[in-house]
Every structure is written in structure tokens, then in C-alpha cells.
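The values are calculated or read from the model by the stated rules, or taken from the named source; none is laboratory data. Bear in mind the structure is a predicted one, so any value in this text is a computation, not a measurement. Every residue, glycine among them, receives a Cβ derived from its backbone with ideal geometry; neighbour counts consider all protein chains shown. For accessibility, only protein heavy atoms count, side chains too; no ligands or nucleic acids. Shrake-Rupley method; radii C 1.70, N 1.55, O 1.52, S 1.80 Å.
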Amino acid sequence: MNTKTALALAAGLLALAAAPAQAQIEIQWWHSMTAVNGEWVNDLARDFNASQKEYKVVPTFKGSYDESMPGAVAAFRAGNAPHILQVYEVGTATMMASKGVAIPVGQVMKDAGVGFDQSVYIPAVASYYTAPNGQMISLPFNSSTTVFYYNKDAFKAAGLDPNKAPGTWPEVALAAAKLKASGHKCAFTTAWQGWTQLESFSAWHNVEYASKRNGLAGMDARLQVNSPLHLRHIENLANMAKQGLFVYKGRGNVPEASFVSGECAMITTSSGFLGNVRKNAKFGYAVAPLPFYPDVPGAPQNTVIGGASLWVISGKKPAEYKGVAAFFKYISTPDVQSASHKRTGYLPVTTAAYELTDKSGFYKENPGSDVAVTQMVRKVTDKSRGIRLGNYPQIRTIEDEELELVWGGKKTAKEALESIVKRGNELLEKFEKANKR
């Protein structure tokens, strides 16, 4: 072998030695999680990436739920969409109607040869994300429901029993009056006001929020939040606002900061807020079921799902979808599900994860941490199975606009609820016309 050949051979061997192993397949995941929940999402991806060598999930924050869904649909049209998109529950009907954008998760798992049993998911969660043909369309991820939080230290200072949450709305008003009398500037507030005070309120009292089984039975559903019960509740909250017992703190999850800081003593919001409270509250707190009106037959019933699910966007390579399926299988395992539930306050989306958490003694050691689960797993009715409406994000904005006028004393509860129904139904009619088969 001459010197030239030897050098060439040596260079070739060195190049082989330096050559990287087969490149990992990247899976892009767009999400809307911030703060402690954003850390959780990053940890899930990191742990999955460390568990195998073929795939690398790359989570990217893409703004609020309101921003990420239209952003991803636009990216899909432009040919640069992510593989996985986190979509809040109110975007479900819109995603289902967006032809060609997503692939049902059941199909993705089947095509990838990954075992997928829909029956392992908690029924109230699974049924919401299942199409009329029985196929699961998106993967339940950060499923939440609305619960009641209160500041135990503030209760004690006001002469209230810190170990007894107000269970009814009249009891909330009485507790708020005592808290105010003891010097508390904000006795009660609410985050996600449309979700907590109209949507969950309806299911909890077993009354329809919208016709056609809240939209699950057809696109010709229409809003029904101007019923006598809805009117009574919004009038009561308006009276509490006038008396300074209910202080409106803004839209979405903005009011949550006022509870963590200790400014507001009671709040209705997502069970997914628990991780934030656990990490940042400097006072004793407790989680309790949503209040209800005791004279309403059948109340309390069950609350409806909130949070978000993971949608698989179409137009990618089969090898990439195998990575998506592997990741979905990983985050659905009982161990990972249970750890996520304990950490965040979101629901365990499988029965096995709930049972594992229960067996670990977590619920006994952390009173109230099972509230969201027990609220959701009660027997559901056709009025409380969930709400699936077209143009739903825009309907939520209408609810915010109208309710703000009530809290500000510029509209009566009746005027605002009539306006929500009128304006909301116009959007529902538009959606129905645009998506007629």
C-alpha cells in the first residue's frame, strides 16, 4: 500500500469515526403553557428524549391558546406547521371543522403500530375528544375542570372555619361579607368568568348551556344562558360586586395572581392553577368543589372538561408520525400521568393513573387534590357531558364583554345575558352555514 493510499484510508476511517450517529427525528410541539406549567411541558419533552434515542421532541411556546390555534392553522396553510399542537377545549369544534388540518390521534397511533385503547381514558374526558364515529380525534393532555380555592389564613382572621369551605353560593356571599368586615379588600374573584360562571355553572346545576346537548348533538345548537337560573346567578354576583364582596380582576387567568398574592381570599378557576398556588402562595390554602344553589334539583351534578388536548397536524412524514405516537404513548403511561397530575393539578386522564395516585396516598396527604377528579367522574347527563360549539373562542369574548358591563353597573344581568345569547347565536349560525356538509 503506498503512502497516498494509506493516508486516504486513514482519513476515511477518521471521517467514519467522527460521523454522527443517525440523526434524531425532530418532533415540533407548539404549546401555550407558561410559568410552572411551562416548566412541566419542558420536563416532559426532556424526559421522553432521554428515554430513547430515535426522536427528539422540541416544545415551543407559541402564545396564549387564543393565539396558538390560528397561528398553527396559518402555518399549516404555509407548509411549516408543527407536528403537535396544543388546543384548548373551546377550539375543538373549530379544529374538527378545519378540513385536512389534523389527523385523528386514533389513526396516528394505528398507522404507527402503537397499541391504543381509548377505554383506558376517564370517560368524561375521552367522550369530549371523540368524534361521532367513535374515533378519538385528539389526545387528552392538560385536562382540567373548575374548582374553588380559598385562603385558610384569611378565613381564620375573619372568624370563619378555615377547614370548612362555603359549599353553596349563599354561603360564599356570607363568607365574603365576613372577610370584608375583617378588612379584606377582595373577598371573592373569579378567573375565566365565562367558563366558571356560565359553562361549568350550567353543567354543575344540570341545565343546558346550549341546545342540542350543548352542541354535541349538532351544529344547529343555540345558547340558552338567559334561563331563570342563569339570570338569578349573574344578578347575585352583580349585587356582590355592588357591595364590594366580589371584585372583578380581569379576563382569562389574569385574576389568579390576586389569589396567589393574598389580595383575594376566594377564587373560582382551573384545577390546573394548583401547581402555581402550591409553589407561590405564602399562606394556608384549600381546594374545594364549586359552590351550587341547594334548591336546584339534581345539583350538584358534574363539571365539564377544560384545559387542552394535543392535535396531530397533517402533512408530515410517516417516520415523524411514529415519533409522535411514541411520545403520546410515553405521556399516557400511568407513571408519567400520575406524576403530572400530582405536580400540576390537571386531571389524571386515565383511570390507571388515578388509581396509582390514590394508592400512593397522595389524596390523603393532600386534602382537596382529588376534588377535580371527583367532580368530573360523577355520572354525566346529556346536559353535563361537555360543551362543543363552533366559534366558541369568540363566544367567550362576548361573554367577557357583556359580563364586564354587568360588574361595572352599566347593564343589568338580564340585558347582558340576552345580548350574549343574541350575539353568540349569530356566530353559531355563521359557523353552521360555513360548515354544512
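Brief remarks follow.
- Hits among aspartates and glutamates - C-alpha to C-alpha of Lys383 under 19 Å, sequence gap 8 or more where chains match: Glu89, Glu199, Glu208, Asp220, Asp295
- Dimensions (Å) - the chain, Cα atoms, principal axes, largest first: 97, 52, 37
- Note on Lys436: lysines with a C-alpha under 17 Å away, same-chain residues under 8 apart excluded, are Lys99, Lys212.
- Descending Cα extents along the principal axes, region 189-240, whole Å: 37, 22, 16
- Beta bridge orientation in the chain: antiparallel %, DSSP, nearest 5: 60 percent
- Loop sites in region 52-83: trypsin sites (Lys or Arg not before Pro), DSSP, at most 11 other Cβ within 10 Å: Lys53
- Once C-alpha pairs closer than 8 Å and six or more residues apart are averaged by separation and normalised to the residue number of region 163-310, the relative contact order reads 37 percent.
- Solvent-accessible heavy-atom area per residue, rounded to whole Å², over the chain at 1.4 Å: 43 Å²
- Note that region 150-302 shows a convex hull volume over its alpha carbon atoms of 113 Å³ per residue.
- The distance separating the Cα centre of region 119-149 from that of region 233-285 comes to 26 Å.
- Counting only heavy atoms of the protein chains and using a 1.4 Å probe, Glu67 has close to 110 Å² of accessible surface.
- Between Ala124, Ala112, Ala238, the GNM of the chain built on Cα springs shorter than 10 angstrom shows Ala112 fluctuating the most.
- Computed [θ] at 222 nm, deg cm²/dmol, the chain (DSSP H ≥ 4; -39,500 (n - 2.57); rounded to nearest 500): -13500 deg cm²/dmol
- Hits among lysines - C-alpha to C-alpha of Lys282 under 24 Å, sequence gap 8 or more where chains match: Lys152, Lys156, Lys164, Lys178, Lys180, Lys185, Lys249, Lys342, Lys364
- Spatial offset of region 338-387 relative to region 53-111 amounts to 26 Å, using the alpha carbon center of each.
- The long axis of helix 413-434 is offset from the longest Cα principal axis of the chain by roughly 30 degrees.
- The long axis of helix 392-407 is offset from the longest Cα principal axis of the chain by roughly 30 degrees.
- With Cα atoms, 0 to 90° folded angle of helix 334-344 axis to the chain main axis: 50 degrees
- Each listed q (0.12 Å⁻¹) maps to a log10 I(q)/I(0) for region 93-168, found by the Debye formula over equal Cα scatterers with no solvent: -0.54.
- Rounded percent of accessible protein surface that carbon and sulfur make up, the chain, 1.4 Å probe: 56 percent
- Computed over all pairs of different Cα atoms, the Kirkwood value for the hydrodynamic radius of region 40-117 is 14.4 Å.
- Most fluctuating residue given options Asn366, Asn236, Asn214, as computed from a GNM of the chain linking Cα atoms under 10 Å: Asn366
- Taking all Cα-Cα distances within region 312-370, those exceeding 18 Å account for 43%.
- Residue-by-residue Karplus 3J(HN,Hα) for region 246-253, coefficients 6.51, -1.76, 1.60, Hz, glycine and proline x: 10, 10, 6, 10, x, 8, x, 9
- Neighbourhood charge, 15 Å Cβ-Cβ cut-off, centred on Val101 and excluding it, Lys, Arg +1 and Asp, Glu -1: +3
- Here Lys329 sits with roughly 120 square angstrom of accessible surface, probe radius 1.4 Å.
- Region 302-410 shape via C-alpha gyration tensor axes, a/c threshold 1.5: oblate
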